[in-house]
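Before any comments, here is the structure.
The values are calculated or read from the model by the stated rules, or taken from the named source; none is laboratory data. Computed from a predicted model, the values in this text were never measured in an experiment. Using ideal geometry, Cβ is built from the backbone for each residue, glycine included, and neighbour counts are taken over all protein chains shown. Calculation scope for accessible area: heavy atoms of the full protein, side chains included, ligands and nucleic acids excluded. Shrake-Rupley method; radii C 1.70, N 1.55, O 1.52, S 1.80 Å.
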Amino acid sequence: MTTQVLTGLLLLLPVAYNGLYSLLGRSFDYPDILRQPTGQVLDRFAAGGSRLVLTWWGFAMSAVLLAPAVVLVSATLADADPTVLALATAIGLLAALVQFLGLVRWPFAVPHLARLATDPATSPATRDAVEVTFQTLHRYLGVAVGEHLGYLFTGGWTALAGVALIQSDRLHPLFGIVGLVLAPLFVLGSLEFVGPFEVRGWKLAGTLVPFAYIGWSVWLLALGIGLLLTA
């Protein structure tokens, strides 16, 4: 199997990512559930049982798969500027790392909090501590690491990959242009809870993120198919 074929196969990653995202939407009402009180979120999580925990684990692992994908994209586009490829690889690996760190709390930390929250023997003081812990994990790992840094680095990798695609003869330059169009949407999305928007969020950024991910998923699929067809 050549590097180009392996890269093309890994770039079909959005199929798994979006499939798991849809499962979380149906079984856990994600992401809308996050706007509900902590107690309601944890009650719903506990009701999902081990199947929900495994779905979250799979969702977190799908972020890990971005790491080999970005390395192989750089290897496949080896005729592009080496500096651009090096930066793309570094930023892409950071994007995979922070997205994984943002998601991995769900299959490992949240189950424990959900058990405490739904145990009738749990004291009121412990319930208060559970709520503070959940919200701290959510705001730090979820909003700051997973979303803010995740969107920022994903946008950075998408832009650099777009430049490399334009420089390379591997695929049509239009693939790179699409990447450059999508990248600013992620950068704007990363500012949703920054500065004056920290409490309620910036509505424009929140509106752009779903469109950015849909476009990005289609773009990655198109890249993967393009590489497979030209291998």
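From the set of residues in segment 73-88 that are open to solvent by less than 30 Å² (accessible area, probe 1.4 Å) and not in a loop (DSSP other than H, G, I, E, B), which is farthest from GLY156 (Cα to Cα)? Give the derivation first.
First pass over segment 73-88, keeping only residues open to solvent by less than 30 Å² (accessible area, probe 1.4 Å): 73-74, 76-77, 80, 84-85, 88.
When the remaining residues are screened for being not in a loop (DSSP other than H, G, I, E, B), the result is 73-74, 76, 84-85, 88.
Numbers: VAL73: 14, SER74: 14, THR76: 19, VAL84: 11, LEU85: 12, ALA88: 8 Å.
Per the criteria, the residue is THR76.
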Original post:
Can you tell which of SER190, SER123 is of a type in the set (Gly, Ala, Ser) and touching an Asp or Glu at 6+ places or on another chain (Cβ under 8 Å)?
Top reply: SER190
Subject >> Those residues of segment 100-110 which are in a helix (DSSP H, G or I) and either of a type in the set (A, V, I, L, M) or touching a Phe, Trp or Tyr at 6+ places or on another chain (Cβ under 8 Å) (or both), in sequence order >> reply: LEU101, LEU103, TRP106, PRO107, VAL110
Subject >> Within segment 108-142, considering residues that are surrounded by fewer than 19 Cβ atoms within 10 Å (Cβ to Cβ) and among the β-branched types (Val, Ile, Thr), the one nearest to VAL64 (Cα to Cα) >> reply: THR136
Original post:
Does VAL145 count as open to solvent by 30 Å² or more (accessible area, probe 1.4 Å), in a helix (DSSP H, G or I) and either of a type outside the set (Asp, Glu) or farther than 18 Å from LEU52 by Cβ (or both)?
Top reply: no
Original post:
Just one of LEU52, LEU10, LEU65 is touching a residue at least 60 places away in the same chain (Cβ under 8 Å) and among the hydrophobic types (A, V, I, L, M, F, W, C); which is it?
Top reply: LEU10
Original post:
Of the numbered conditions (1) under 17 Å from the mean Cα position of the chain (by Cα); (2) free of Cβ contacts under 8 Å to residues at least 24 places away in the same chain, GLU198 satisfies every one except a single condition; which is it?
Top reply: (1)
**OP:** Go through segment 61-72 residue by residue and tally those that are under 14 Å from the mean Cα position of the chain (by Cα), open to solvent by 20 Å² or more (accessible area, probe 1.4 Å) and not small (Gly, Ala, Ser).
**Re:** 3
**OP:** Only one of these is out of contact with any Ser or Thr (no Cβ under 6 Å at 6 or more places or on another chain) and within 24 Å of ARG200 (Cα to Cα): VAL64, VAL53, VAL41, VAL84. Name it.
**Re:** VAL41
